[in-house]
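The structure under discussion appears below in the form of structure tokens.
Laboratory data are not the source of any read-out in this text; all were calculated from the coordinates shown. Since the model is a prediction, treat every value here as computed from it, not as a measurement. Cβ: placed from backbone, ideal geometry, glycine included. Neighbour counts: every protein chain shown.
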Amino acid sequence: MRKFLIKIFSSKELYIRNQGSVKYFTLTPGMQISGLIISILLVLTLVASVTFISMQDEIIAFRNEKLQETVQSYEIQLAQMQSNIDSLDKKHQLTQEWFKEITSTLELRHKELTKIFEKNASVTAQLEEMKAKFAIASNRVVRSKSRTNIIASPIGNKSDQFQSRVDTGVNNTDKIILSDSYEINYNDFVSKQDLMDVPANIRDRVQRLTIRQQELLDALEENTDQKIAEATAIINATETVNAEEFIASILPDTSVASGGPFIPMVADIDRADPKFKQMLRISNNLEKLSNLNLSLSQLPLSVPVHYYKTTSDFGPRIDPINKRRAFHAGLDFGAPSGTDVHATLPGRVVKAGHKGPYGLAVEIDHGNGFRTRYAHLKSIKVKRGQKIDFHQVIGTVGSSGRSTGPHLHYEIWYKDKVQNPMNFTQAGKHLFSSGLPSGQ
């Protein structure tokens, strides 16, 4: 090997001519081998460097590709997360809007319910005051049955089922079931399919509040309708006036007369909503009931004496003096001489004194077309033109004029036509409870 290397790398002389001078260098085998080794090392180094640089670029490109893939994957996940967040925000916003709408509706209905119940309390107080006045006037006690409460109570142990009724305060037999129990479907309140799940406790509270409101409305509507029917029947029972026509005659000009609970015309109320229509209907009915109560207070429904016996009815009869058939234009109340006679309605005295066969008589104009006449009195305690209060004593029972004994001859006139007083007193008995003998 050595010989081979010496043969290959034998000594060589290198001549260099420069400006006429010649120089030479001797390249020994060692120097040649060393140069070769250095050259090989340099080449290897260069190749290694190029290879390294090339591989490094590939590694960097690979890393960049992987990094790009990671970034893209992260961006996709981030976009999905953002989409989910946006969806949740939308559902949360829609749920908030729904809850706000529900609570606003419930609050609005509660306000209207409050107004309606205040109106109902006012109308009821109006009727109770009138009843109490008549009861006190005739020493009568209004029975507790006249007290009416609107209630809605749960059925059994089911807090989401209610039954409404009118409680008269007497016993269970006097409770009127107004409607069968029912449940409110939660889907009735959630019309949007993309809402978040509403907590069960909130959902149940909304259901219970809505059920209670509906049941109270049902109970109040039933009670109001019943009172309207009763009051209308009482007025019509007089066989003298029609309820609707009489209300129209005693109220002011309808162009300026109006009333009823205030129900604002705002977007929060859906006027097509059955509950709104029901509240409006109840409000109108309460106004009608108030007008009916006013009408009842304008009718002579009480009796002019407390203790009495009916001795002669209205209409055809045999005259007690000449025994011939005749028409009796009033109602005779037999009572002891000197018994107080009371005005059956407020008014003004238009006649007070002797009136032919009527003897001592008092005639009172009550307005609205009504007049009452009290005849055969023993004494008169009022004078013409005097303003009379309800149940004020106007005289005493006697037997003056064409009479066979102590009694009060009582007449009711409406628009200058005599009416049957029995119809009015009987109608009054349906309105006012009686604790004293009625004379029948």
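For a label point 7 Å from the Cα of ALA326 along Cα→C-beta, name the residues of the stretch 340-374 whose backbone N is under 19 Å from it.
354-362, 373-374
Per residue of the stretch 367-375, in order, report the coupling 6.51 cos²θ - 1.76 cosθ + 1.60 (Karplus, θ = phi - 60°) as ³J(HN,Hα) in whole Hz, putting x for Gly and Pro.
Per-residue couplings from phi come out as x, 6, x, 9, 9, 10, 10, 10, 10 Hz.
Karplus couplings for the stretch 228-234 from phi (6.51 cos²θ - 1.76 cosθ + 1.60, θ = phi - 60°), rounded to Hz, Gly and Pro as x?
My calculation for the stretch 228-234 gives 4, 4, 5, 5, 4, 5, 5 Hz in order.
Give me the net charge for the shell around ASN64: Cβ to Cβ below 14 angstrom, other residues only, Lys and Arg +1, Asp and Glu -1.
Working: positive: ARG63, LYS66; negative: ASP57, GLU58, GLU65, GLU69.
Net of charged neighbours comes to -2.
Straight-line reach from LYS12: which lysines have Cα under 20 Å away, leaving out those fewer than 8 places along the same chain?
Reachable lysines: LYS3, LYS23.
Taking the C-alpha atoms of the stretch 327-418, how large are the radius of gyration and the largest Cα-Cα span, Dmax, in Å?
So, for the stretch 327-418, Rg and Dmax equal 11.9, 34 Å respectively.
What lysines could a cross-link reach from LYS309, if we take a straight Cα to Cα line under 22 Å and drop same-chain neighbours fewer than 8 places away?
LYS323, LYS378, LYS429
Could you work out the relative contact order of the stretch 284-367? I mean the mean sequence separation of Cα pairs under 8 Å and 6+ apart, divided by the number of residues, in percent.
Values: 93 pairs, mean separation 19.8, N = 84.
Computed over the stretch 284-367, the figure is 24 percent.
List every residue whose amide H lies under 5 Å from the amide H of SER379, counting only residues 5 or more places away in sequence or on a different chain, with H placed 1.01 Å from N in the peptide plane.
Answer set, sorted by chain and number: THR396.
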